[in-house]
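**Student:** Quick one: the structure is below, questions incoming.
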Amino acid sequence: MDDKLPDIVPESLPEKFEDLGLSKIMLRALKLLGYERPSPIQAQVIPWALQGYDVIGQARTGTGKTASFAIPILEQLDPLRTTKSPQALVLVPTRELAAQVYGEFLKLAEGCPTSVLEVSGGKHMRRQTRKLGEGVQVVVGTPGRVLDHLSRGTLDLSRLWCVVLDEADRMLDIGFRPAIERILRSCPKNRQTLLLSATLADGVRELATTYLFEPVHVDCSKKDLSVDTIEQRYITVGADQKFETLVRLLLRELPPQTIIFCRTKLGTAKLHRQLESRLPRIPELASYQLATIHGNMNQTQRDAVFKDLRAGNIQILVATDVVGRGIDVSTISHIINYDLPDDSDDYVHRVGRTGRMGRDGIAFSFVAKGQGDRLTEIEHLINRLLVVDPLSDPVAAKPTDGKLKVVKAEVEIAQAPQSFGEMPSGPLQKRRLNRMRRPLSDREKRR
Ligand code: AMP
């Protein structure tokens, strides 16, 4: 991969949605939504996507990445075509994210007769099948359920022109690689592919190398990983002192709305029980409403929790990573990593639940004895030292060596023009046509 790619200088980015060449109806929808200006990922992905390029957008959730692919898709939909084969497919790792992405599409499509269908597990198969049969323009779904429909012949991808792999790193973590590959192989070769990922782990690079055609790489991750508005601290704590330290932290912070992350379903359930029995006995915290969310809950239960969280009826949510990742609630003020995640990337995703779209947020990570290396790994990834919080147990191990090695994410793949100044002017159709005319590369022959 080419690591000489210049960063796109923020000053040169389009500052207004009007500068992106969007339709009047889209500009109206954006105004209604109160989106005043494009976020960095939107300013960088939308112009390339509108030109028909394959794009790798490196950004986490909370940065406006959904609209960065939803806007160009909606702008290019053929309004008269509602066939059994959708025009665009968005693959996401979780049901929660599917629901959010679906919601964002509907909001952005305000004023247009656009048919979008959410196709994820936990929702009625028969209803999905009926809707697919009637014809939809955009399908948003999880790889498992999408593949299920493909196998049953209830979904036809033969006339699709755009595929989005949203949170590609997460989909691979969950083990969706075979499903994604089978789905991609069922799509037309001259399609456009947009891949969004917080990190460019090896698996993601491989996927991009195999299935994307000369992609443009837009990297908003460096900015994201050290989101300035999120204060990040750690608290050293002995294993047997964790719960008491958490109670002290909650008492000190009195957080308006917080998510507490645990590593396992069992740990999540246990902590939820402990808090349920303790908080009512602490006057300052007695009125806090608690909830938990983890993989053992069914979709209806999860949806109810998300709804309550958004409505502000829940102040403390105890969650695991997989479901926690899909949470898009802009009022979350505090993130508490009760257990450090096994994977440093998950840290980024967890912390990203606060400070959404530039709002303030604070994240605390409990670091137990022997976990210093894990913390250092996280610090390397986000390229920033976490600050020690005074609640720390002075006798617990000093968790970090304090030496921060600057780790520069290697950037590969992109060979396409690299700045807005070099943006090609050819229309989308021409590019697609060229792609069809040129001989297949070895890589594509293998697809
Ligand atoms: P996402 O990263 O796509 O999950 O978006 C995070 C949140 O930001 C969502 O609630 C979006 O509705 C909102 N959002 C997306 N783009 C913008 C924008 N340009 N201005 C303000 N809010 C936005």
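**Student:** Between Asn313 and Asp78, what is the spin-label point distance in nm, taking each point 7 Å from the Cα along the Cα→C-beta axis?
**Tutor:** Once both label points are built, they end up 4.5 nm from each other.
**Student:** Roughly what percent of Cα-Cα pairs across segment 182-290 reach past 24 Å?
**Tutor:** Counting every Cα pair in segment 182-290, those more than 24 Å apart make up 54 percent.
**Student:** Listed here are the pairs Lys65/Lys307; Lys16/Lys84; Lys65/Lys270; Lys107/Lys189; Lys24/Lys131; Lys24/Lys123; which of them are more than 27 Å apart at the Cα?
**Tutor:** With Cα atoms farther than 27 Å apart: Lys16/Lys84; Lys65/Lys270; Lys107/Lys189; Lys24/Lys131; Lys24/Lys123.
**Student:** Using per-residue counts of other Cβ atoms within 10 Å, averaged over each peptide, order 50-61, 183-194 from highest down.
**Tutor:** 50-61, 183-194
**Student:** Could you list Asp308, Asp346, Asp360 so that the one with the fewest beta carbons within 10 Å of its beta carbon is first and the one with the most is last?
**Tutor:** Fewest to most other Cβ atoms nearby, the residues stand as Asp360, Asp308, Asp346.
**Student:** While we're looking at this one, here's another question. Pop out the ³J(HN,Hα) list for segment 155-164 in order, Karplus 6.51 cos²θ - 1.76 cosθ + 1.60 with θ = phi - 60°, rounded to Hz; leave Gly and Pro as x.
**Tutor:** Those phi angles translate into 10, 10, 9, 5, 10, 7, 10, 9, 10, 10 Hz.
**Student:** Grab the Cα-Cα distance for Arg248 and Glu15, subtract it from 0.36 nm times how many residues apart they are, and report the gain in nm with one decimal.
**Tutor:** Full extension from Arg248 to Glu15 adds 79.5 nm.
Every number here is computed from the coordinates shown, using simple stated rules; none is lab data. These numbers were taken from a predicted model, which means no experiment stands behind them. For neighbour counting, all protein chains shown are included, and Cβ atoms are generated from backbone atoms with ideal geometry for every residue, glycine included.
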